[in-house]
Amino acid sequence: MTGFLTLLTKEILRFWKVAFQTIAAPVLTALLYLLIFAHVMAESNAAFRGVAYDQFLIPGLAMMSMLQNAFANTSSSLIQSKITGNIIFILLPPLTHWDYYFAYVIAATARALAVGLGVFLVGVLVAHVPVAHPWAILAFALLGSGLLAALGLIAGLWAEKFDQLAAFQNFIVMPLTFLAGVFYSIQSLPPVWQAVSRCNPFFYLIDGFRYGFFGQSDVAISLSLSVTVLSFLCLSAVTLYLIKSGYKLRH
Amino acid sequence: MTAAIEALGVEKRYGSLAALDGVSLEVREGEFFALLGPNGAGKTTLISALAGLTRADHGTLKVMGHDVVTDYRAARRALGIVPQEIVFDPFFSVVETLRFQAGYFGLPRTRALDAWIDELLANLALTDKADANMRQLSGGMKRRVLVAQALVHKPPVIVLDEPTAGVDVELRQTLWQFVRRLNAEGRTILLTTHYLEEAQQLCTRIAMLKQGRVVALDTTQHLLTAFSERVLRVEVAATLPAPVAREARKSEGHWHTFALHDTTEVESRLRWLREAGVTPSAIEVSEPDLEDVFVKLMHR
Ligand SMILES: Nc1ncnc2c1ncn2[C@@H]1O[C@H](COP(=O)(O)OP(=O)(O)O)[C@@H](O)[C@H]1O
Ligand SMILES: [Mg+2]
């Protein structure tokens, strides 16, 4: 247990000591999106019925920021220690794959929650945001952060250079988050794009998260919850397997 | 008694290159053992496989009887590795680095641990750098922190992969004094080094690797006597009488070299010279030297 807790402490300190970049900066970015999009899109019908666009946007932005920061936390931590070589400090001790997995994922989730809370608090200064189902907010925040933290671990294990990681982030994570319905309800899309959106697992994260606030969603909450739990378990299993097998760590 | 380190038929390939080509050796508990060999011989690869940083393709490796794959937790707890490359986490100070490393090995922060860390720092001449950030240290200091990191969980088996590269002479002495003490206290030491005189002074047994194979494995003493000979060199101003000149292995100016089977032969040789009417103005007996053994083995 001490080994796991030490690694967890290190991973938390790693982002906490530079909280200005790891928490404050993404909150500011989200605020800018909020101000600009709320202004440009105020008259659009991209939101749910009976929900103002700025209200609608806040949970989406909070979730998007959480997903991106959870991913960034695990992937950047891993790639940095791989490239500097100090990864051996955690490869030499008798830590298990569970220790690595939980330490990295919990730390990334902590950062994601801090960012999400920051976005929410900044958001409520701009617009009123109701809270319909707190359990759904918490469940999707945790599952979404955990999912992307695991994906970040996979990317960090796979990538050998920073640009490979950047490619993973720019060509997979960014498009999937941006096209997950952060800025619009998929009901406002043509049917083809609605169908495409439903293939994106991130869509269910954002839709379920939003349900927690407004009590309404594009798809049934049971569906988004099932997809999210299933994706989380699958990705976690893959991550645990990769760590256990020493993939690109213990060549 | 279980061996401290046991390698059995260890093979590791990188593409077509056999970095380890069936290495078997045993390091006994409490030994001070040297692993020697030219660059690229496979020393670091063997150590990495032992530490679980890489996986052997074939063969087994054990630390204190624990298989490094199937019983990796016990094996890693028993092992302290000082890596060849200098690495550090710029995020931490020296003392934080050590506390975290102890934590990874399952040691909570206790007064006893803090005392041990202080002792490590003192023995490695790092006390005044305890709170310095790792970035602020010189290369030699960083290497000594790596040594401290390897020892922080008090492993019974300590592996040092070229620990004195880039460390100045005085600190090298400090380091060896400390490592000798750890060995005297019962810890097993496996050392790779480029400074053969270090291995000769410190180690009781030696394995020599060449292209992934063990080419010699014996006590330092045996290797020295088996592979290198002693010679007697004498300076004589006058020309040597013919029978004496015939016996000389080599003559350069006034210096003449005679082979010796062992050091006890010096006396009889000198008597033989005196009886032949030769009076040396200077004599020299060359001691066998690991360098000779090394060069001979590597060129075979
Ligand atoms: N990760 C790797 N990929 C490819 N070749 C490697 C790798 N690591 C070591 N080698 C090769 O294996 C051989 C043994 O290397 P190494 O164990 O570092 O030698 P030593 O430590 O004895 O100098 C060398 O030829 C080296 O180039
Ligand atoms: Mg080496």
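Are any residues in the stretch A:204-230 open to solvent by 30 Å² or more (accessible area, probe 1.4 Å) and not aromatic (Phe, Trp, Tyr), and if so, which ones? Correct list: A:GLY215, A:GLN216, A:SER217, A:ALA220, A:ILE221, A:SER222, A:LEU223, A:LEU225, A:SER226, A:VAL227, A:VAL229, A:LEU230. Note on the stretch B:9-30: residues that are away from ligand 2 (no atom under 16 Å from the Cβ) and buried (at least 20 other Cβ atoms within 10 Å of the Cβ) total 1.
When the stretch B:103-141 is filtered for residues that are β-branched (Val, Ile, Thr) and either within 14 Å of chain A (Cβ to nearest Cβ) or open to solvent by 40 Å² or more (accessible area, probe 1.4 Å) (or both), the ones remaining, listed by number, are B:THR110, B:THR127. Within the stretch B:47-64, the residues that satisfy the criterion of being more than 9 Å from chain A (Cβ to nearest Cβ) and more than 9 Å from ligand 2 (Cβ to nearest atom) are B:ALA49, B:LEU50, B:ALA56, B:ASP57, B:HIS58, B:GLY59, B:THR60, B:LEU61, B:LYS62, B:VAL63, B:MET64.
The residue that is surrounded by the fewest Cβ atoms within 10 Å (Cβ to Cβ), counting only those in the stretch B:157-190 that are within 14 Å of chain A (Cβ to nearest Cβ) and either more than 16 Å from ligand 2 (Cβ to nearest atom) or under 20 Å from B:ARG135 (Cα atoms) (or both), is B:VAL157. Take the stretch A:175-203 and flag every residue that is among the hydrophobic types (A, V, I, L, M, F, W, C) and open to solvent by less than 70 Å² (accessible area, probe 1.4 Å). Hits for the stretch A:175-203 are A:LEU176, A:PHE178, A:ALA180, A:VAL182, A:PHE183, A:ILE186, A:LEU189, A:ALA195, A:PHE202, A:PHE203.
List the number of the failed condition for A:LEU61; all other conditions in (1) away from chain B (no Cβ under 14 Å); (2) open to solvent by 10 Å² or more (accessible area, probe 1.4 Å) hold. Result: A:LEU61 fails condition (2) only. Per the listing B:ARG233, B:ARG205, B:ARG269, B:ARG249, the residue uniquely of a type outside the set (Ser, Thr, Tyr) and open to solvent by 80 Å² or more (accessible area, probe 1.4 Å) is B:ARG249.
Give me the residue from the stretch B:29-88 that is within 12 Å of ligand 1 (Cβ to nearest atom) and on the phi > 0 side of the Ramachandran plot and, out of that set, farthest from the chain's Cα centre (by Cα). Out of the qualifying residues, it is B:GLY40. Against the test of being assigned to a loop (DSSP other than H, G, I, E, B), open to solvent by less than 30 Å² (accessible area, probe 1.4 Å), at pLDDT 95 or above and hydroxyl-bearing (Ser, Thr, Tyr), the options B:THR54, B:THR97 yield a single qualifying residue, B:THR54.
Look at the stretch B:73-87 and say how many of its residues are within 7 Å of chain A (Cβ to nearest Cβ) and either among the β-branched types (Val, Ile, Thr) or more than 16 Å from B:LEU151 (Cβ to Cβ) (or both). The total comes to 4. Being of a type in the set (A, V, I, L, M, F, W, C), at pLDDT 95 or above and touching a helix residue (DSSP H, G or I) at 6+ places or on another chain (Cβ under 6 Å) is a condition met by no residue of the stretch B:37-51.
Counting only residues that are more than 24 Å from B:PRO108 (Cα to Cα) and more than 16 Å from ligand 1 (Cβ to nearest atom), the stretch B:144-174 holds 8 of them.
Being in a strand (DSSP E or B) and either among the β-branched types (Val, Ile, Thr) or crowded, with 16+ Cβ neighbours inside 10 Å (or both) is true of B:VAL215. The number of residues in the stretch B:95-120 being over 17 Å from A:ILE90 (Cβ atoms) and either basic (Lys, Arg) or more than 26 Å from the chain's Cα centre (by Cα) (or both) comes to 10. If A:VAL27 satisfies every condition in (1) within 14 Å of chain B (Cβ to nearest Cβ); (2) within 21 Å of the chain's Cα centre (by Cα); (3) open to solvent by less than 50 Å² (accessible area, probe 1.4 Å) but one, which is the exception? Exception for A:VAL27: condition (1). Hey, any hits in the stretch B:5-17 for a residue that's under 23 Å from B:PRO163 (Cβ atoms) and within 13 Å of ligand 1 (Cβ to nearest atom)? Yes, the stretch B:5-17 has at least one match. Checking A:ILE186, A:ILE221, A:ILE243 one by one, the residue that is hydrophobic (A, V, I, L, M, F, W, C) and farther than 22 Å from A:VAL51 by Cα is A:ILE243 and no other.
The values are calculated or read from the model by the stated rules, or taken from the named source; none is laboratory data. Since the model is a prediction, treat every value here as computed from it, not as a measurement. Counting neighbours? That spans all protein chains shown, and the Cβs are built from the backbone with ideal geometry, glycine included. To get the accessible areas, we keep the full protein, side chains included, count just its heavy atoms, and leave off ligands, DNA and RNA. Shrake-Rupley method; radii C 1.70, N 1.55, O 1.52, S 1.80 Å.
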